[in-house]
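Only one structure is covered here, and it is reproduced in the block below.
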Amino acid sequence: MGKEEKSGGCWGWFIVLIVVGAIALALGLTLRNKFHHHNDDDSPVPGPPGAVTKKYGDALKVALQFFDVQKAGKLENNEISWRGDSALTDGKDVKLDLSKGMYDAGDHMKFGFPMAYTATVLSWAILEYGDQMNAADQLDSAKDSLKWITDFLVNAHPEPNVLYIQVGDPELDHKCWDRPEAMTEKRPTIQINTSTPGTEVAAETAAAMASASLVFKSSDPKYSSTLLKHAKELFTFADKHRGSYSENIPEVQTYYNSTGYGDELLWAASWLYHATTEQTYLDYVTGTNGETFANWGSPTWFSWDDKLPGTQVLLSRSSLFNSKVASNADIKKYRKTAEAIMCGLLPKSPTATSSRTKNGLIWISDWNALQHPVASAFLAVVYSDYMLTSRSLKIQCDADTFTAKDLRKFALSQANYVLGDNPMKMSYLVGYGDKYSQYVHHRGASIPADATTGCSDGWDWLSSDKPNPNVAVGALVGGPFLNESFVDDRNNSMQTEPSTYNSAALVGLLSGLVTTSSVVTSFT
């Protein structure tokens, strides 16, 4: 009897355990469904990079090659067959070597403002997704391109309060259609200084130097220290001698007119805080300057002109990963605004922006239409990974909630549109896929490498009805109109001209999608 009673008791406890387990499982699923809105499958979890998704790995390799297409100076390990040395005497008029750097777009100008932004965004991409880039065997390429720009920026800053912000005369440059290797027109330099300040470009260059100093901190400590020294000097110059560069230098207004410098000051201070962990930079963004310039609660679009969305997302990193500053009221405001940006991007959010095409592409402007969706998607994938790594379950968009997976899904939709999932069934990334622009508005690509042309006779190549003889591999063209049409015409610069700053954001986006992984909790 005793033995039978013991056996029956065990069986009873076993049944109880099954019931309790079932209840716990049901409760867990209920909670999971509650907090994982619109989430049909498990989100990736933090950890080392997984298997590379070939589609995004291939696209990343292509996208990075556009920086090689755009390089000026004496080329090293050149893999672009139709490119050669160019602009070797840039800066000679002021006894500086400004031969490096990158041409801005389809022309041969070196505009310091968007070039520095390109470097900052490329640095950010490497810092967040360097391990993913490495898994796709593209990290060295990204760092090489970044250093090509920062080498130029270092040389362009010969004194604490002097920065050369432009090489080339845009009026002269735009009167020519020639290969960069064959340029003969004069290429004067423009500087900002204490009597002609340019806070936007000085601060953006400080951000580029500070972020790049983190990229090279372990691989080249000496170079990293040099970059950080320049970053600190430039930030002090930008802040102490305030003035809009496009007001003080009116000739830049036609090309890269700034709408204000407050965003660049906050952006630069945020990067210097991450690079140094010094309290003074955190105080800068959370004190009077934050109240004056941050525009909390009012989402805007991330671009070469508006750094506020980038600043808000970057400072959210501090909110999520640094317990010492997470309780700071102003840091909370930056994060809340970043989440408002995310809510605007999510198509099913109650506060979703209506600024998008019928097929879901974020669309803000006829000119360079892909700039905003690509930059927005980059921020979305970064923020989604912040959420995953910090185990933040959701963001609140009015009465609805969304997860990291929802943000990643949005980022994927924008990337896939660019790569061919669009009404035109074409890739807007030149060199990727079977169908892409054949008439990219790009001088070097449009003229055969063995052609002998001068400033004026090269115009025949612009008006030619033949496809470009050279592939501007990696170029992200301007993109579609609101009705999602695209006219592939070399004269249609609105839609067919690429730019380096678009490429930087695309590299960041693709690096975040190339495999599932987490982000580091600290850059230092």
Quiz item: How large, in percent, is the carbon and sulfur part of the accessible surface of the chain at a probe radius of 1.4 Å?
Solution: 53
Exercise. Round to a whole angstrom and tell me the spacing of the C-alpha centers of segment 426-460 and segment 104-169.
Key: 23
Exercise. May I ask you to list the GluC sites (Glu not before Pro) in segment 250-350 that are in a DSSP loop and have at most 15 other Cβ atoms within 10 Å of their Cβ?
Key: Glu278
Self-check item: Charged-residue dipole, Cβ positions (Lys, Arg, Asp, Glu), the chain about Cα centre, Debye nearest 20
Solution: 1640
Self-check item: Candidate lysines for bridging to Lys95, where Cα separation is under 25 Å - those fewer than 8 sequence places away on the same chain excluded
Solution: Lys71, Lys74, Lys110, Lys147, Lys186, Lys222, Lys229, Lys232
Practice problem: Could you tell me which trypsin sites (Lys or Arg not before Pro) in segment 331-418 are loop residues by DSSP with no more than 11 other beta carbons within 10 angstrom of their beta carbon? | Solution: Lys358, Arg391
Practice problem: Enter the angle in degrees (range 0 to 90, nearest 10) between the Cα long axis of helix 112-135 and the first principal axis of the Cα atoms of the chain, meaning the one along which they spread out most. | Solution: 40
Practice problem: For an R0 of 22 angstrom, estimate the FRET efficiency from the Cβ-Cβ distance between Asp400 and Ser365 and round to the nearest 0.05. | Solution: 0.15
Self-check item: 1.4 Å probe accessible area per residue over the chain, in Å²
Solution: 41
Quiz item: Where in segment 157-225 are there trypsin sites (Lys or Arg not before Pro) that are in a DSSP coil and have at most 14 other Cβ atoms within 10 angstrom of their Cβ?
Solution: Lys175, Lys186
Self-check item: Residues listed by number, segment 145-189, amide nitrogen under 19 Å from Leu88 label point at 7 Å toward C-beta
Solution: 152, 168, 179-188
Exercise. Can you tell me the order of 304-315, 473-484 when each peptide is scored by its average per-residue count of other Cβ atoms within 10 angstrom, highest first?
Key: 304-315, 473-484
Quiz item: What percent antiparallel are the DSSP beta bridges of the chain, to the nearest 5?
Solution: 95
Quiz prompt | the chain, relative contact order in percent, only Cα pairs under 8 angstrom and at least six apart counted | solution = 21
Quiz prompt | Proximal lysines to Lys54, defined as alpha-carbon separation beneath 23 angstrom and excluding residues fewer than eight positions away on the same chain | solution = Lys143, Lys405, Lys409, Lys425, Lys435
Quiz prompt | Selected from Tyr164, Val52, Ala238, residue furthest toward positive end of dipole (the chain; charges at beta carbon) | solution = Val52
Quiz prompt | Acute angle (nearest 10 degrees) that the helix 262-276 long axis makes with the longest principal axis of the chain, alpha-carbon atoms | solution = 70
Self-check item: Using alpha-carbon coordinates, inclination of helix 199-215 to the longest axis of the chain, degrees
Solution: 60
Quiz item: Looking at Leu272, Pro498, Gln396, which one has the Cα that reaches farthest to the positive end of the dipole of the chain (charges on Cβ: Lys, Arg +1; Asp, Glu -1)?
Solution: Gln396
Exercise. Pull up the cross-link candidates among the aspartates and glutamates for Lys55, meaning alpha carbon to alpha carbon under 18 Å and not fewer than 8 places away within one chain.
Key: Asp131, Asp137, Asp421, Asp434
Quiz item: Based solely on its DSSP helices, what 222 nm [θ] is calculated for the chain when runs of n ≥ 4 H residues each add -39,500 (n - 2.57) and the sum is averaged over all residues, nearest 500 deg cm²/dmol?
Solution: -16000 deg cm²/dmol
Quiz item: For the pair Glu278 and Glu159, what calculated FRET efficiency results from E = 1/(1 + (r/R0)^6), where r is the Cβ-Cβ distance and R0 = 22 Å, to the nearest 0.05?
Solution: 0.40
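The values are calculated or read from the model by the stated rules, or taken from the named source; none is laboratory data. It should be emphasised that the depicted structure is a prediction, and the values quoted were computed from it without experimental measurement. Ideal geometry is used to build each Cβ from the backbone, glycine not excepted, and the neighbour counts take in all protein chains shown. In case anyone asks, the SASA skips ligands and DNA or RNA and just uses the protein heavy atoms, side chains included. Shrake-Rupley method; radii C 1.70, N 1.55, O 1.52, S 1.80 Å.
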